[in-house]
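Below is one structure, written out as structure tokens; the observations come after it.
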Amino acid sequence: MRLNNKFWLFAIVCTAFTTAITVTLAVIFWHQIDPPGQELLIRLLKEQFWYFFSTGVFLFAAFGFTLDWFFRFYIIPLNQLIEETRIMNTVNPAHRLNIDGSREVRIISALINTLGDQYLSAQHIIDQSIAAAKAKTEAERNLLATIMAELTQGVLICNLSGRILLYNRKAQWLLDKARPSNSGEAPEEATPSVPKGFIGLDRSIYNLIEEPLIHYAFKEIQDKRDRQSKSVTARFVWVTGSRRQVEVEMLPILDENEQFAGFALILTDTTQQFEHTRRLDHHLKISIKTCAPQSPPSVPPST
């Protein structure tokens with residue numbers, strides 16, 4: 001409803017209410033006086049009609065001016081106060097109230113403007129803090145990524161749910177190597193194959209490495225923490241789908257409350273080392289058999 005309509009509705013309601021009260025009091029007063037008094041009152045009204053009429057018009061005019069003043073200095077400013085405060089709260093926080101009304105309305109407007117200035121100042125400080133924190137985090141992330149890229153070992157960083165947060169090229173190369181070749185079938189005991197290009201951010205490490213292995217390493221790390229051991233790491237060997245042997249070292253990542261926030265996996269391909277050791281062992285066994293003294297042939301007894 002428009003303000004003009006509200007004003008006239010408010011004026012009509014107030015006028016009707018005032019008129020109803022006046023008529024009711026006049027009727028009650030009329031019935032309270034005796035007939036001679038009623039005749040005297042009628043004669044007085046006839047003789048002084050214009051005086052009473054002028055007084056009534058003056059009272060209604062004063063009432064109308066008072067109503068208009070109240071509406072213009074209180075009702076309209078309050079409506080503007082609501083609308084402009086809604087603009088500050090939703091569309092434009094930099095908007096400021098400039099309302100001409102009563103003293104109380106102007107005080108409320110000034111307080112709302114002060115709160116708006118404080119809100120913008122606080123929001124600016126928060127935005128600067130967030131931007132600085134993001135820049136610092138990004139710089140640390142880039143530094144960590146640069147360091148990881150130069151490592152000769154594969155590194156994977158995951159959160160508690162096993163989602164990959166960061167990895168280096170060596171880890172990607174190593175996990176690509178973990179895929180079984182197409183030339184032959186993997187043995188029955190082999191782990192599930194790793195799809196080409198599967199490794200990526202926010203993907204689960206449990207689709208690459210068996211979940212029981214990581215859970216067992218977690219348990220070992222927790223046991224070492226309970227014993228307050230200096231080396232809080234765990235190691236296990238992961239046999240890939242291509243029958244490559246990968247030594248995995250797990251390191252816990254702790255938050256400020258010394259609680260688990262994730263874990264890091266350091267991957268080392270020990271397949272060649274294992275094959276080299278196995279060949280050395282095989283050659284050593286052959287050499288031992290070759291160099292062992294032969295027992296002399298048995299001589300038949302003389303007759």
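The values are calculated or read from the model by the stated rules, or taken from the named source; none is laboratory data. Worth saying up front: this structure is predicted, and the values here are computed from it rather than measured. All Cβ positions, even for glycine, are placed from backbone atoms using ideal geometry, and neighbour counts span all protein chains on display.
Listing for the model above:
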| read-out | value |
| --- | --- |
| Among the candidates Thr90, Thr66, Thr85, residue that is of a type in the set (S, T, N, Q), exposed (fewer than 11 other Cβ atoms within 10 Å of the Cβ) and assigned by TED's automatic domain parsing to the domain that holds Thr18 | Thr90 |
| Long-range neighbours under 7 Å by Cβ, at least six apart or interchain, first residue assigned by TED's automatic domain parsing to the domain that holds Thr22 within the stretch 34-57, second in a helix (DSSP H, G or I) and aromatic (Phe, Trp, Tyr) | Gln38/Trp30; Leu45/Phe52 |
| Test for Arg96: is it surrounded by 11 or more Cβ atoms within 10 Å (Cβ to Cβ) and either part of a loop (DSSP other than H, G, I, E, B) or outside the structural domain of Leu9 (by TED's automatic domain parsing) (or both) | yes |
| Condition broken by Phe71, with the remaining ones in (1) within 30 Å of Arg103 (Cα to Cα); (2) free of Cβ contacts under 8 Å to residues at least 60 places away in the same chain satisfied | (2) |
| Residues within the stretch 23-52 that are within 26 Å of Ala11 (Cα to Cα) and modelled with pLDDT under 80, tallied | 2 |
| Selection count where residues are surrounded by fewer than 18 Cβ atoms within 10 Å (Cβ to Cβ), under 23 Å from Phe263 (Cα atoms) and either modelled with pLDDT under 50 or under 37 Å from the mean Cα position of the chain (by Cα) (or both), scope the stretch 163-192 | 8 |
| Complete set of residues in the stretch 78-93 that are in a helix (DSSP H, G or I) and either of a type in the set (D, E, K, R) or out of contact with any Ser or Thr (no Cβ under 7 Å at 6 or more places or on another chain) (or both) | Leu78, Asn79, Gln80, Ile82, Glu83, Glu84, Thr85, Arg86, Ile87, Met88, Asn89, Thr90 |
| Meets criteria (exposed (fewer than 14 other Cβ atoms within 10 Å of the Cβ), out of contact with any Pro (no Cβ under 9 Å at 6 or more places or on another chain) and either more than 20 Å from Leu166 (Cβ to Cβ) or modelled with pLDDT of 90 or more (or both)) for Glu258 | yes |
| Qualifying residues in the stretch 225-250 (those that are without any contact (Cβ under 8 Å) to a residue 24 or more places away in the chain and closer than 21 Å to Gln153 by Cβ) - the one surrounded by the fewest Cβ atoms within 10 Å (Cβ to Cβ) | Ser231 |
| First in the stretch 147-170 and more than 13 Å from Leu267 (Cβ to Cβ) and in the same structural domain as Pro252 (by TED's automatic domain parsing), second anywhere and among the hydroxyl-bearing types (Ser, Thr, Tyr) and surrounded by fewer than 20 Cβ atoms within 10 Å (Cβ to Cβ), Cβ under 9 Å, 6 or more apart | Ser161/Ser204; Gly162/Ser204; Gly162/Tyr206; Arg163/Ser204 |
| Ile112 being assigned by TED's automatic domain parsing to the domain that holds Ile21, β-branched (Val, Ile, Thr) and farther than 27 Å from Phe10 by Cβ | no |
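Every residue, every condition in (1) modelled with pLDDT of 75 or more; (2) within 24 Å of Glu150 (Cβ to Cβ); (3) surrounded by fewer than 16 Cβ atoms within 10 Å (Cβ to Cβ), yes or no:
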| site | (1), (2), (3) |
| --- | --- |
| Gly200 | yes, yes, yes |
| Asn207 | yes, no, yes |
| His215 | yes, no, yes |
| Gln222 | yes, no, yes |
| Pro252 | yes, yes, no |
| Leu280 | no, no, yes |
| Cys291 | no, no, yes |
| Pro297 | no, no, yes |
| Pro301 | no, no, yes |
